[in-house]
1. From the backbone phi of the range 139-147, what are the Karplus-calculated ³J(HN,Hα) couplings (6.51 cos²θ - 1.76 cosθ + 1.60, θ = phi - 60°) in whole Hz, Gly and Pro given as x?
2. So what J values fall out for the range 86-101 if you push phi through Karplus, 6.51 cos²θ - 1.76 cosθ + 1.60 with θ = phi - 60°, rounded to Hz, Gly and Pro as x?
3. Could I have the simple spin-label model distance between V118 and T13, label points 7 Å from Cα toward Cβ, reported in nm to one decimal?
4. Sticking with the crude label model, points 7 Å out along Cα→Cβ, report the distance from T104 to Y79 in nm, one decimal please.
5. I'd like the FRET efficiency for K333 and A90, computed as 1/(1 + (r/R0)^6) with the beta carbon distance as r and R0 of 51 Å, rounded to 0.05.
6. If packing is taken as the average count of other Cβ atoms within 10 Å, what order do 225-238, 252-265, 100-113 fall into, highest mean first?
7. Pairs K162/K333; K21/K226; K190/K333: which exceed 18 Å Cα-Cα?
8. For I247 and F291, calculate 0.36 nm times their separation in residues minus their Cα-Cα distance, and state this gained length in nm to one decimal.
Amino acid sequence: MGLGQDKSKQVKTNLDWVAFKDQYFAAIVTAEGNVPFENAEVEVVTDKRDTAANYLTDMRAVIGLQYDEKAPQMHMGFYYGPTKLRDLRAMHRGYERMLPLGWTIISKSISRYLIVPVFNFLEKFNWNYGIIIIIFTLLIRLVLLPLVFKSYQGGAIMRILKPEMEALNKKYPAQEQAMQKQQAMMAIQKKAGYSPMAGCLPILIQMPFLTAMFMFFPIAIELRQKSFLWCDDLSNYDSILDFGFNIPLYGDHISLFCLLMFGMQFFYTWYTMKQQAGTQSMPGMKFMMYFMPFMMLFIFNSQSAGLNLYYLISLTFTMCTMMLIRRFTSEKKVRARMAAYDQKHANDKGKGKKKSSFAKRLEELQKQAEQMQKQQNRQ
């Protein structure tokens, strides 16, 4: 059960333990001797008498224990200490469930069985925690690389097909020819072995990892008061300039790691859009792509420096990988694949091979769209 600010809740079921936690520490009271707590009332009240940004929060719980005359002694356990996953799990009471490790079962599992064990393993080398984050990030990216390789290779293929895409833009300049142009582009992409759906794969695969990392770094007590380069505390933002006033949604400071992450993401967006120039895209897509780095700048400016360092290294690795794959993707092989596809298609036509039902349906839809467009033009 989790409560936010100024909330209360009465629990009708029996409880083994009740805990209150902040970012890095927790106070836990545990029922011992197989006598659970009952009729618990948990309340969180924010003390806003202090008008400053950092006000106090009062948390209290009223809990009951069953009284047994034959066993008048009642035992309770109490823990006050850091919320380190490894230590909480070692107590075998389920305390680790209080840690927000992710929003879904997949991201929670990734945090619990991959991210935390790998991070704890790297701690044993006694390196600086900034170095640990960098190595940790590179290991995660290397694990994901085989899964997203096809997408990066697809970007390289689209760079090779750029002349064909630009030629189609000139061939079908009118708005009513948009469907014809889209079909022609898809035909060329199919010849080259590129699937537009492959571009969605990295996002779907990486999303649980991104959310798991977003939840892990803010609660990683290992980073508390650990310095790296200009940053004094990796668990906090690395301010290089304090404004003295608050900017809505942004904050009262400039975080350098966040600024570097924004610069890398903007360059990554520019490079990606440049490679895709000439291809058909949804209206407003270009604006959304360039808007994303600015949105990330506002979201992550007040996040921990460790989290921003992770995203900075991750984006840099992705950018370098993409550039290398695109550089070494053979245009000769792509052209040979397209020629082989044309030859096979010509042979199928010569043998009188029938079109598939999907192809026939696609042609019918194209004809209907063209007729509707002609009617609209006449009107």
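None of the figures in this text is laboratory data; all of them are computed from the coordinates on show. The model shown is predicted, which means the values in this text are computed figures rather than measured ones. Please note: Cβ atoms are built from the backbone with ideal geometry, for glycine as well, and neighbour counts cover all protein chains shown.
1. For the range 139-147, the Karplus-derived couplings read 5, 4, 5, 5, 5, 7, 4, x, 6 Hz, x marking Gly and Pro.
2. With coefficients 6.51, -1.76 and 1.60, one gets 4, 6, 5, 5, 5, 7, 6, 10, x, 4, 5, 5, 6, 7, x, 8 Hz.
3. Taking the two extended label points, one gets 3.4 nm.
4. Each label point lies 7 Å from its Cα, and together they span 3.0 nm.
5. Computed FRET efficiency for K333 and A90: 0.40.
6. Highest-to-lowest ranking by the protection proxy: 252-265, 225-238, 100-113.
7. In this structure, K21/K226 lie more than 18 Å apart at Cα.
8. 14.0 nm
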